[in-house]
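The values are calculated or read from the model by the stated rules, or taken from the named source; none is laboratory data. Model, not experiment: these values are computed from the prediction. Because the Cβ atoms are built from the backbone with ideal geometry, glycine has one as well, and the counts that use them run over all protein chains shown. In case anyone asks, the SASA skips ligands and DNA or RNA and just uses the protein heavy atoms, side chains included. Shrake-Rupley method; radii C 1.70, N 1.55, O 1.52, S 1.80 Å.
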Amino acid sequence: MDIVLLFKSLIMGMVEGITEFLPISSTGHLILTGDLLNFMSKEKRDVYEIFIQLGAMLAVVWEYRAKLVSTLTGAVKPGGERNLLLAVVIAFIPAAILGLLFSKAIKAHLFQPVPVAMAFIVGGLIILWAEKRQVNKTPVIETVDDLSLKDALKVGLCQCLALIPGTSRSGATIIGGMFLGISRKAATEFSFFLGIPTLGAASIYSLLKHRHELDIGDSGVFAVGFIASFIFAFIAIRALIKFVSTHTFVGFAYYRIAFGLIVLATAYSGLVSWTV
């Protein structure tokens, strides 16, 4: 067993777990971290990322297991549970359709460090704008149970922006939700719930597409990444819910802008030879 490879897998799993549900783009961080670590071949890394995304998704399932069970069992009759389930399904559909249609073109042209860095910066500026609009504004929707199906569709359309690497699925849905008058906490929780079918479907689709790359010899590396992603995503989810109750996303915005500028500076100066 290659200890160095396992250590790199641990780092990649940590990065996925920490960034998947924060508005800072897990895809962008994985592209850049994987490039810096020279982690596996591109084909192997694509398969590896399926497993660490599943780890992050299962962290949401575990954290909200009681809510999910009550939603599924209560959806048999009209009410808040059925409404939430329908809201998640409706919000999931736009990105699923566009992802199937354009994922190949996006990966061919935008999965590069410079476009990712630009998306980091633009996303940071949008967060600053959104937070400025929130000042002295009372949210129209306080909880996920109050979300209308029309607003859910709008959040789903916002999620489509996350097809651009570096944009952040969580950032697009949370900030998009805030623009729609959803409270910061409710937008964050709905983003978590929406991540379950989004990450689950993407993982299953990618696993079928790359099944020929599966190798029992990689099981140890994949397992380390999966476990690390689950643990750190679980920590990040709890920390973020606590954080948004008393803080804004301004800090994340400045982080995105600074990180993007560093990537651009190193790319154009030649200090780091980005290859992906």
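Output yes when any residue across segment 93-100 is out of contact with any Pro (no Cβ under 9 Å at 6 or more places or on another chain) and not aliphatic (A, V, I, L, M), and no when none is. Yes; the residues of segment 93-100 include at least one that is out of contact with any Pro (no Cβ under 9 Å at 6 or more places or on another chain) and not aliphatic (A, V, I, L, M). Count of segment 219-269 residues, restricted to those that are of a type in the set (Ser, Thr, Tyr), touching a residue at least 24 places away in the same chain (Cβ under 8 Å) and more than 30 Å from Asp2 (Cα to Cα), is 4. Hey, does segment 41-55 have a residue that's free of Cβ contacts under 8 Å to residues at least 24 places away in the same chain, of a type in the set (D, E, K, R) and surrounded by fewer than 20 Cβ atoms within 10 Å (Cβ to Cβ)? Checked segment 41-55: at least one residue is free of Cβ contacts under 8 Å to residues at least 24 places away in the same chain, of a type in the set (D, E, K, R) and surrounded by fewer than 20 Cβ atoms within 10 Å (Cβ to Cβ).
Considering (1) more than 27 Å from Ile126 (Cβ to Cβ); (2) open to solvent by 50 Å² or more (accessible area, probe 1.4 Å); (3) in contact with a helix residue (DSSP H, G or I) (Cβ under 7 Å, 6 or more places away or on another chain), the lone condition that Ser245 does not fulfil carries the number (1).
Only residues that are in contact with a strand residue (DSSP E or B) (Cβ under 7 Å, 6 or more places away or on another chain) and either aromatic (Phe, Trp, Tyr) or part of a helix (DSSP H, G or I) (or both) were counted in segment 98-141, giving 0. Among the residues of segment 186-202, are any without any contact (Cβ under 8 Å) to a residue 12 or more places away in the chain, in a helix (DSSP H, G or I) and open to solvent by 40 Å² or more (accessible area, probe 1.4 Å)? For segment 186-202, residues without any contact (Cβ under 8 Å) to a residue 12 or more places away in the chain, in a helix (DSSP H, G or I) and open to solvent by 40 Å² or more (accessible area, probe 1.4 Å): absent. Lys67 fails exactly one of the following numbered conditions: (1) surrounded by fewer than 17 Cβ atoms within 10 Å (Cβ to Cβ); (2) under 19 Å from Ala239 (Cα atoms); (3) within 20 Å of the chain's Cα centre (by Cα). What is the number of that condition? Among (1) surrounded by fewer than 17 Cβ atoms within 10 Å (Cβ to Cβ); (2) under 19 Å from Ala239 (Cα atoms); (3) within 20 Å of the chain's Cα centre (by Cα), Lys67 violates only (3). Residues that are over 14 Å from Gly177 (Cα atoms) and aliphatic (A, V, I, L, M) were ranked within segment 120-147; the one that is surrounded by the fewest Cβ atoms within 10 Å (Cβ to Cβ) is Val135. Scanning segment 204-225 for residues that are within 22 Å of Ile90 (Cβ to Cβ) and either outside any helix (DSSP H, G or I) or open to solvent by less than 40 Å² (accessible area, probe 1.4 Å) (or both) turns up nothing.
Among the residues of segment 154-169, some residue qualifies, meaning at least one is in contact (Cβ under 8 Å) with a residue 60 or more places away in the chain, within 26 Å of Lys8 (Cβ to Cβ), assigned to a helix (DSSP H, G or I) and not acidic (Asp, Glu).
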